[in-house]
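Data first, discussion second: the structure below is written as structure tokens.
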């Protein structure tokens, strides 16, 4: 049985918009705003922290809104909100409007990430979900790369030009993701109040690992460019190149993870991914040569969408396709809380240490703890059915 890629395009568009633009476009745009003296570094830190708080709120409220207004309607409104928000950032390029705009875009982005992939994957047979997830989550890397490239191309122009370029791209993505959504079953409430999701040891282990990953990847997704440019002294242009390499990794990450899952199974592929991610995040805590930074950026960039894809498909294994949308809402919300806690903690750490490098080592340690959680909760505490691969 094959799945037409056209049916997967809405999910691809949702991840591209929900994380690639609503979340990760802020990294190059904020650096540009600081350079143009429209915002300060302190402004950026404040906005970023509240973006992650908004992401958590959006993730936890997505299913309730979908139940009330319909999942497809909510998704379409999220596309519109993010598209308009990107343009408004160039028109009202001061702290308060940017703060409000990014807060609202983060709310919408989280809802897209909860509802979009879940709607597509739950409509497919299990044997096709790995391939489909690989394609859908490629949108994350593509969004990262395109946002960075567009900002770099028009960096010398006024900020409104940058915002207009992002707006036009987002408008095209909105058109791409507007149609062909599958019929969505109404969100139901189980006895636990979470759409029938049962909190088994396996699901709890996956939640813990995903939350720890949210903390661990903060240094690469927030500090990588400035770490390269300022702390290592390679300059802003090289810092931008490292972000582009991160995005290139993101494009191939989900498809590579899909191959990994097909070859090694859901559990082992997840353990291999999180172990590799721990190594290459922590590597920058000890090595500072440019080739090492580039390799780390590429591998971690690949494992951002790759790990999300593996977690999403493993969630299906553990809770069943009928509970995926509700379970993915919980997963995304917990991830968002991890991001907020991680960003706040690492910001405090940076103020104390005045160096980024130790934060990468800390990130690697948190990722390693996530690997430990996966092994303990799923391999040792979860009963394995005979004849069923882990």
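Only the coordinates and a few stated rules stand behind these numbers; no lab work does. Keep in mind that what you see is a predicted model, and the values were worked out from it rather than measured. Glycine also receives a Cβ, built like all others from the backbone with ideal geometry; neighbour counts cover every protein chain displayed.
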Checklist outcome for this item: So, for the Cα atoms of the stretch 238-316, Rg and Dmax in Å stand at 12.9, 40
Checklist entry - Does the chain come out rounded, prolate or oblate, given a ≥ b ≥ c as the square roots of the eigenvalues of its C-alpha gyration tensor, rounded meaning a/c under 1.5 and, failing that, prolate meaning a/b above b/c? => result oblate
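Cα gyration tensor of the stretch 250-390, axes a ≥ b ≥ c as square roots of the eigenvalues: rounded (a/c below 1.5), prolate (a/b > b/c) or oblate?
Values: a/c = 2.04, a/b = 1.62, b/c = 1.26.
Prolate shape, in that a/c is at least 1.5 and a/b is the bigger ratio.
Kindly put 269, 347, 106 in sequence by how many other C-beta atoms sit within 10 Å of each C-beta, fewest to most.
Working: 269 23, 347 18, 106 29.
Least crowded to most crowded, the residues run 347, 269, 106.
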Item to check | Zero-based 10 Å bins, Cα pair distances in the stretch 43-174, whole percents | outcome: 12, 37, 36, 13, 3
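Classify the stretch 19-93 from the C-alpha gyration tensor, please: rounded if a/c falls under 1.5, else prolate or oblate depending on whether a/b exceeds b/c.
Values: a/c = 3.23, a/b = 1.96, b/c = 1.65.
In terms of gyration-tensor shape, prolate.
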Checklist entry - Given springs between every Cα pair under 10 Å in a Gaussian network model of the chain, which of 353, 371, 176 has the largest fluctuation? => result 353
Next on the checklist: With a 10 Å cut-off between alpha carbons and a GNM built on the chain, which of 172, 31, 214 moves the most?
Outcome noted: 172
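Mind ranking 88-94, 32-38 by how tightly packed they are, going by the mean number of other C-beta atoms within 10 angstrom, highest first? Write down the numbers at each step before the final one.
Working: 88-94: 17.1, 32-38: 15.4.
For the peptides 88-94, 32-38, the packing ranking is 88-94, 32-38.
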Item to check | Gaussian network model of the chain, springs between alpha carbon atoms under 10 Å - residue of 345, 118, 202 with greatest fluctuation | outcome: 345
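Given only helices, namely DSSP H runs of n ≥ 4 each adding -39500 (n - 2.57), what is the per-residue ellipticity at 222 nm of the chain, to the nearest 500 deg cm²/dmol? Present the calculation step by step, with values, prior to reporting the outcome.
Details: 14 runs with 283 residues, N = 390.
Rounded to the nearest 500, the figure is -25000 deg cm²/dmol.
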Checklist entry - Among 289, 238, 228, what is the fewest-to-most ranking by other Cβ atoms within 10 Å? => result 289, 238, 228
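Counting other beta carbons within 10 Å of each Cβ, put 231, 367 in order, fewest first. Kindly include the intermediate steps, with their values, before the conclusion.
Working: 231 15, 367 27.
The most exposed by this proxy come first: 231, 367.
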